[in-house]
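What follows is a set of notes on a single structure, which appears directly below.
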Amino acid sequence: MIIKVTDKIILASKSPRREQLLKQIDFNFIVIPSQIDEDLSLDLKPYLFVEHYANLKAQNISNRNKKSWVIGADTIVVFNNKIFGKPKDKNESSYMLKELSGNTHEVFTGISIHHQEKGIKHTFHEKTIVEFKTLNDECIYYYINTYNTFDKAGSYGIQDWLS
């Protein structure tokens, strides 16, 4: 897949980490967050779950930007066959981090790239195994109060000092 420098690229995400990653590789893009809400009860295997939502997010923005490349993405944390999405509050964030503490879990990220005018729709995923060190309550509460855990699947960012 060759993208011309003149092609418009849209990141269909409000994730500051995804935006930062694209800036690091010198992509010229704009951000238009999709309006897709995730339903964690959707009964799909984790890799299909993230591919499904990455595709929906890209499609949502691509429908209104048919001449642009659109990148949609979705990430979840899976521990003991349970999906951890973004926490709703500090209590849920604390629960997730305590569950992950001292354990190994999986992180799935789905990516979907669309260009309607060119008839391109490509969706794929990656799986990462993450081993968490054991965290005490003081460390967990410091992390929750210092970092924005509410926009991170599993309540943490791998780029932070926690994992």
* To do: State, as an integer percentage, the relative contact order of the chain based on alpha-carbon contacts under 8 Å between residues 6 or more apart.
  => 23 percent
* Structure fact -> Expected field for TYR141, accessible surface area in Å² at 1.4 Å probe radius, rounded to 10, holds 100 Å²
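Give, in nm to one decimal, the length gained when the segment between GLU138 and SER101 is fully stretched (0.36 nm per residue of separation minus the Cα-Cα distance). Numbers along the way, then the final one.
Values: separation 37, 0.36 × 37 = 13.32 nm, distance 1.26 nm.
12.1 nm is the gain from fully extending GLU138 to SER101.
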* If you line up the long axis of helix 137-146 against the longest principal axis of the chain, both from Cα atoms, how many degrees apart are they, to the nearest 10? -> 30 degrees
* Student exercise, the chain dipole from Lys, Arg, Asp, Glu Cβ charges, in Debye to nearest 20 -> 700 debye
* Structure fact -> Hits in segment 91-129: amide N under 12 Å from the 7 Å Cα→Cβ extension of ASP160, namely 93-98
* Asked: Put +1 on the Cβ of every Lys and Arg and -1 on every Asp and Glu Cβ in the chain; which of LEU40, THR109, LEU21 then has its Cα farthest towards the positive end of the dipole?
  -> LEU21
* Listed residues PHE79, SER94, GLN59: farthest to the positive end of the dipole of the chain (Cβ charges) -> GLN59
* For segment 1-145, what is the percent of antiparallel DSSP beta bridges, rounded to the nearest 5? -> 85 percent
* Label-point separation (nm) for GLU131 and GLU117, each offset 7 Å from Cα along Cα-to-Cβ? -> 4.9 nm
* To do: At a temperature of 20 °C and a viscosity of 1.002 mPa s, determine how fast segment 1-131 diffuses translationally according to Stokes-Einstein, using the Kirkwood radius over alpha-carbon pairs as Rh; express D in µm²/s, rounded to the nearest whole number.
  => 137 µm²/s
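The values are calculated or read from the model by the stated rules, or taken from the named source; none is laboratory data. Fair warning: this is a prediction, and the values are worked out from it, not measured in the lab. All Cβ positions, glycine included, derive from the backbone under ideal geometry; neighbour counts span all protein chains shown. Only protein heavy atoms, including side chains, enter the accessible area calculation; ligands, DNA and RNA are left aside. Shrake-Rupley method; radii C 1.70, N 1.55, O 1.52, S 1.80 Å.
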